[in-house]
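Each remark here refers to the structure printed beneath this line.
The values are calculated or read from the model by the stated rules, or taken from the named source; none is laboratory data. Quantities reported herein were computed from a predicted structural model and do not represent experimental measurements. With ideal geometry, Cβ positions are generated from the backbone for all residues, glycine too; neighbour counts draw on all protein chains shown. Heads up: the accessible areas ignore ligands, DNA and RNA and are worked out on the full protein's heavy atoms, side chains in. Shrake-Rupley method; radii C 1.70, N 1.55, O 1.52, S 1.80 Å.
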Amino acid sequence: MRWSLIIGFVMLGLKMGAYLLTGSAAILGDAAESIVHVVAVIFAAYSLWLTEQPADENHPYGHSKIAFISAGVEGGLIILAAVFISYESIRRWAGGLEVANLDKGVLLTVLTIIINGGLGLYLLRTGKQQSSLILVSNGKHVLTDGWTSLGALVGLGLMHLTGQLWWDPLCGLLMAANILVSGYGLVRRSVTGLMDEADPTLALALDEALARETTKRGITFHALRHRDAGEIHYVDVHFLFPDDMLLRDAHRVATEIEAAVEKSVQAPVHITTHLECVGDHDELHPNDRLP
């Protein structure tokens with residue numbers, strides 16, 4: 001994350017330099033996206049630090065939900081950048097087009113694409129390895145920055161080849177549409193995480209693993225629930241044991257199943273189990289009758 005912040009400032013300087021050399025609307029939009037990116041990285045760095053803080057009295061489940069807020073902030077800032085790029089492209093198109101020093105602007109833009117591409121891929125890979133939504137979101141934002149630079153480069157190239165200056169604001173508008181989609185995706189991920197929307201892939205994996213492990217031990221399960229806390233998934237499930245099994249033995253079996261299931265699914269999970277007896281289940285839980 002430190003590298004992301006340092007490189008973000010470097011990218012901003014390079015893009016502002018390219019804009020001052022060329023006066024390109026596409027490059028200005030690219031620079032605006034970098035300003036947004038630097039702000040987003042600062043908040044993402046704080047969020048990453050907060051997720052590593054231990055649980056406390058006010059946050060007994062820890063602080064990892066900040067990952068969804070971080071993703072939403074990055075997505076919202078990307079959307080604001082898209083709006084600004086669209087406005088600036090239309091304003092320049094309507095007010096007259098003038099671009100200069102294309103060769104120097106292109107060189108600076110190519111450099112930003114190479115650096116952002118490498119950093120973005122590194123952040124994505126690290127984020128997936130560490131199951132960090134914050135790093136994954138930041139990596140997508142960095143790659144979005146790279147795509148924006150590529151769009152600016154295409155606009156400059158088309159202007160150079162055709163002599164038509166309107167390619168510059170047109171590519172600016174196309175870049176705005178592209179990053180708008182990326183921003184929407186991050187905002188949606190933020191909302192679904194904060195609203196505890198279930199992950200169908202994880203739900204299937206948990207159901208299969210629980211069915212396998214409980215069948216081995218001659219018991220059943222129900223009331224499976226899970227929610228994404230950003231860095232870990234919390235899972236609740238009820239186990240049904242024979243009436244004559246001792247609590248000590250039932251607890252040992254439940255602990256074995258928890259450990260086996262946690263190892264068998266790819267996502268980091270923490271399972272909490274509720275132990276029940278088959279015989280009096282319906283009497284004690286009349287609103288949760290077994291099939």
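Points worth noting:
- Any hit, the stretch 45-52, residues being surrounded by fewer than 16 Cβ atoms within 10 Å (Cβ to Cβ) and in a loop (DSSP other than H, G, I, E, B): yes
- Scanning the stretch 242-279 for residues that are assigned to a strand (DSSP E or B) and over 28 Å from Ser132 (Cβ atoms) returns His274, Leu275, Glu276, Cys277.
- For the stretch 237-253, the condition holds for no residue, the condition being that it is within 22 Å of Lys140 (Cβ to Cβ) and either more than 17 Å from the chain's Cα centre (by Cα) or surrounded by fewer than 19 Cβ atoms within 10 Å (Cβ to Cβ) (or both).
- Test result for Leu123, under 22 Å from Arg91 (Cα atoms), assigned to a helix (DSSP H, G or I) and at pLDDT 80 or above: no
- Any chance Asp282 is in a loop (DSSP other than H, G, I, E, B) and either surrounded by 15 or more Cβ atoms within 10 Å (Cβ to Cβ) or of a type in the set (D, E, K, R) (or both): no
- Of the residues making up the stretch 1-9, one or more are at pLDDT 80 or above and closer than 17 Å to Gly230 by Cβ.
- When residues of the stretch 125-149 are limited to those that are more than 16 Å from Ala32 (Cβ to Cβ) and out of contact with any Leu (no Cβ under 8 Å at 6 or more places or on another chain), the one most open to solvent (accessible area, probe 1.4 Å): Lys128
- Among residues of the stretch 254-279 being among the acidic types (Asp, Glu) and within 22 Å of Gly230 (Cβ to Cβ), the one that is most open to solvent (accessible area, probe 1.4 Å) is Glu262.
- For beta carbons closer than 7 Å, sequence separation of 6+ or different chains, a first residue in the stretch 169-195 that is assigned to a helix (DSSP H, G or I) and a second that is open to solvent by 20 Å² or more (accessible area, probe 1.4 Å) and among the hydroxyl-bearing types (Ser, Thr, Tyr), the qualifying pairs are Leu173/Ser86; Ala176/Ser86.
- Pairs meeting the criteria (first residue in the stretch 273-288 and among the polar types (S, T, N, Q), second residue open to solvent by less than 60 Å² (accessible area, probe 1.4 Å) and modelled with pLDDT under 80, beta carbons under 7 Å, at least 6 apart or on different chains) are lacking.
- Going through (1) of a type in the set (Val, Ile, Thr); (2) loosely packed, with under 13 Cβ neighbours inside 10 Å; (3) assigned to a strand (DSSP E or B) one by one, Thr215 falls short only on (3).
- Meets criteria (touching a Lys or Arg at 6+ places or on another chain (Cβ under 8 Å) and either among the β-branched types (Val, Ile, Thr) or at pLDDT 80 or above (or both)) for Ala45: yes
- The C-beta contact set for the stretch 28-47 (first residue farther than 17 Å from Ala82 by Cα, second residue modelled with pLDDT of 80 or more and not in a helix (DSSP H, G or I), distance under 7 angstrom, 6+ apart or interchain) comprises Ala44/Met1; Ala45/Met1.
- Failed item, numbered, when Leu165 is tested on (1) open to solvent by 20 Å² or more (accessible area, probe 1.4 Å); (2) in contact with a Leu (Cβ under 7 Å, 6 or more places away or on another chain); (3) modelled with pLDDT of 80 or more: (3)
- Single residue of Ala94, Ala55 found to be open to solvent by 50 Å² or more (accessible area, probe 1.4 Å), modelled with pLDDT of 75 or more and farther than 23 Å from Trp147 by Cβ: Ala55
- Whenever a residue of the stretch 248-266 is over 11 Å from Glu213 (Cβ atoms), its partners that are small (Gly, Ala, Ser), lying with C-beta atoms within less than 7 angstrom and at least six residues away or across chains, give the pairs Val265/Ala205; Val265/Ala209.
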